[in-house]
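To start, the structure itself, in structure tokens.
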Amino acid sequence: MISDSVPAQSPPPEPRGGEARTTRAPRPRWVIPIVAAVVVLAAAIGVVAGLTLNGTRSAGSGGAAGYVPANATIYYELRLDLPGDQRANLRSFLGHVPGVNADAYLTDEIDRQLDSWASQVPGSFTYSGDVKPWFNGSLAFATIGVPSITGVGTSGASSLPQTLVFAGVRDSAAATAFSDRLRTEIGKVGGTVSSSTHGSATIWSASGLPGASASGAPTPQTFAWTITSDEVVGGTSADLVGSALDVRAGSKPSLADRQEFRDGLSRLPADRVLVAAVDVAQLLSGLKQDLASLQRGAGDALDEILAQAPTFAVTSSSVLSDRISLDSNVLMPTGAAVPVNRDRGLAALAPGDAILFTDGADVGKGLTTYVNAMKKAIAADPSGAAQLQQVEAVMGGDLASLVSWIGDAALVAGDTNHEPYVGLIVTPTDVSNARAKLSQLRGLIQLAAGAGGKVSVSDADHGGTTITTIKVSAGPDTPAWATTYQYAVTDSHVVIGSGETFVARVLDMDAAHSLAGQARFSTGLSGVGGASNTGTTWLDLAGLRAAIEPLIPTEMQSAYRTKVEPWLAPFDYLIGANRADGQRLANRTVIVVK
């Protein structure tokens, strides 16, 4: 290894436009790691400013995945070069936002904004002068290993995962010149840059950049990087960067060639601005090990969840003319119970003014799995096991029986005449069991009320169905929706909700006034795969804004109307649907503008 401190070089050029040079205040040493990441910072700003950087890369997973080890736990790739149809679609999308000049944002305006942001980074760097000449618009990062919830690894060292970062290169000579300037800036503040060789590549490592640990003692910060013909490859150690080069050379398996990644990617839109992949099985396995280290036997509590949880997920995001689309494809383990695609009919019972609606098939099965896992975790401790027995004795049976009667279920929330509501609509697997459990809970509430609790319970007939109302005593200024809860059980559904109107509205619902009967909902649902699915999510963004705006204080109304509302007004709704495809679950969620 060759190690040398970087000598001071020529001073930076005179300011542009003949401005007088001013003496700079000494730069604190802790800001220098920001310089090392200036390319990532400058390009990431482009996401906020409009995803508008120029580039020539073709669509696909990009070159970075070919450097990432196959056992990476998390991988993200941003395509700021807007491949395929993404640039044209973004132009159309921005046209829905008043006051935004799409042509300006897609040309020189973004460069000026990035230069302004980059000027805040030490070292006189600019985006247009130092980054844009070599950057092709692709950013990526990957983590290797699983973070520990205990905060330390088995050896007592930090358990933070190793991290790789990538910036796509279209001119390696310009990227090398940028690297040279970067090394000079690090040397100016006392940092040390060393070099090592890995095959024909030179890997630079910056160290001696003190930060602050939790105890206040200086902590060395290290960052390594190298430049190839198509990527700036950075990482938390020179060994990690060298390993990425070995992956790219084919001597180690890559994420790009991992079958789960390739299969998931092939099911997503070809033109996209974001790709993300998560090794869910590896993350959950690490969590299980952590639980086992904290409490003997506690890790076994996750076995039932692991058997039903996804193993690998791939997600993408793309821009369409009037929406942003988020697509994902999830691989389920062999033997996992994957729900059947079908219309559960719950949207036809939800009020048409629902702001939030989310439903799922066989919800009770999933809840039972989690309850059983929780019980195993608690029972791993003898004292916890005793407390669990006491709770179940009070509840009159197995905790899982409180949710096992639930079949398909929907969570609904909204606002009617400035009265918010939230409720559940459930298709029970066993109506008699549902009645028994709710009756049991009612008895416990009445017992509490009899012991001095400020709670009252009453029944009322509503068209042949009994609605049970539970009222909690509160101050005179507390609205009814915050103190009143109701439930009803019919031959086909259980309805539970807050306030004095939700349950009755659901019982009386006709198709035309239901959420399913609203054109925006039905059109949106058709666009994400239709009502035959395993789960639907609806968020009425326009309705949410209308519900919140009256709550904005008077003194803030003017600023809101002029500075905030114009940016929010174009957004209409969000809708998504999950669909089963063999042992895979696919999801499409869109954010639609008017």
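The values are calculated or read from the model by the stated rules, or taken from the named source; none is laboratory data. Bear in mind the structure is a predicted one, so any value in this text is a computation, not a measurement. Positions of Cβ are generated from backbone atoms using ideal geometry, with glycine treated the same way; all protein chains shown enter the neighbour counts.
Among the residues of segment 406-420, is any in the same structural domain as GLU549 (by TED's automatic domain parsing) and more than 38 Å from the chain's Cα centre (by Cα)?
no
Wholly within segment 384-494, which strands (runs of 3 or more DSSP E) include no fewer than the required count, namely at least 3 residues that are among the polar types (S, T, N, Q), free of Cβ contacts under 8 Å to residues at least 60 places away in the same chain and surrounded by 15 or more Cβ atoms within 10 Å (Cβ to Cβ)?
Strands (runs of 3 or more DSSP E) meeting the threshold: 465-472.
Results for (1) assigned by TED's automatic domain parsing to the domain that holds LEU80; (2) among the basic types (Lys, Arg), shown as yes or no for each residue.
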position	(1), (2)
LEU268	yes, no
LEU287	no, no
ARG296	no, yes
ASP300	no, no
ALA307	no, no
PHE312	no, no
SER316	no, no
ASP322	no, no
LEU326	no, no
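Kindly indicate the residue of segment 241-255 that is in contact (Cβ under 8 Å) with a residue 60 or more places away in the chain and crowded, with 19+ Cβ neighbours inside 10 Å and also nearest to LEU326 (Cα to Cα) among those meeting that condition.
LEU255
Within segment 549-566, take every residue that is out of contact with any helix residue (DSSP H, G or I) (no Cβ under 7 Å at 6 or more places or on another chain) and surrounded by 13 or more Cβ atoms within 10 Å (Cβ to Cβ) and give me the one that is nearest to VAL97 (Cα to Cα).
Here the residue is PRO566.
Looking for something of a type in the set (Val, Ile, Thr) and under 30 Å from PRO98 (Cβ atoms) - is there at least one such residue anywhere in segment 532-540?
yes
Give segment 256-279 a look and list any residue that's surrounded by fewer than 20 Cβ atoms within 10 Å (Cβ to Cβ), under 25 Å from ILE305 (Cα atoms) and touching a strand residue (DSSP E or B) at 6+ places or on another chain (Cβ under 6 Å), or say none.
Hits for segment 256-279 are GLU260, ALA276.
Filter segment 523-554 down to residues that are within 21 Å of VAL426 (Cα to Cα) and of a type in the set (Val, Ile, Thr) and give me whichever is farthest from the chain's Cα centre (by Cα).
Here the residue is THR534.
Can you say whether GLU500 is surrounded by 13 or more Cβ atoms within 10 Å (Cβ to Cβ) and without any contact (Cβ under 8 Å) to a residue 24 or more places away in the chain, as far as the supplied structure shows?
In short, no.
If I go through segment 406-419 residue by residue, how many of them are at pLDDT 95 or above and either farther than 17 Å from THR501 by Cα or out of contact with any strand residue (DSSP E or B) (no Cβ under 7 Å at 6 or more places or on another chain) (or both)?
5
Need the failing condition index for GLY360 against (1) among the small types (Gly, Ala, Ser); (2) outside the structural domain of ALA547 (by TED's automatic domain parsing); (3) under 30 Å from ARG267 (Cβ atoms), just the number.
It is condition (2) that GLY360 fails.
Quick one: what pairs do we get from segment 155-179, first residue modelled with pLDDT under 80, second of a type in the set (S, T, N, Q), C-beta under 8 Å, 6+ apart or different chains?
Listed pairs, sorted by first residue: SER159/SER148; SER159/THR150.
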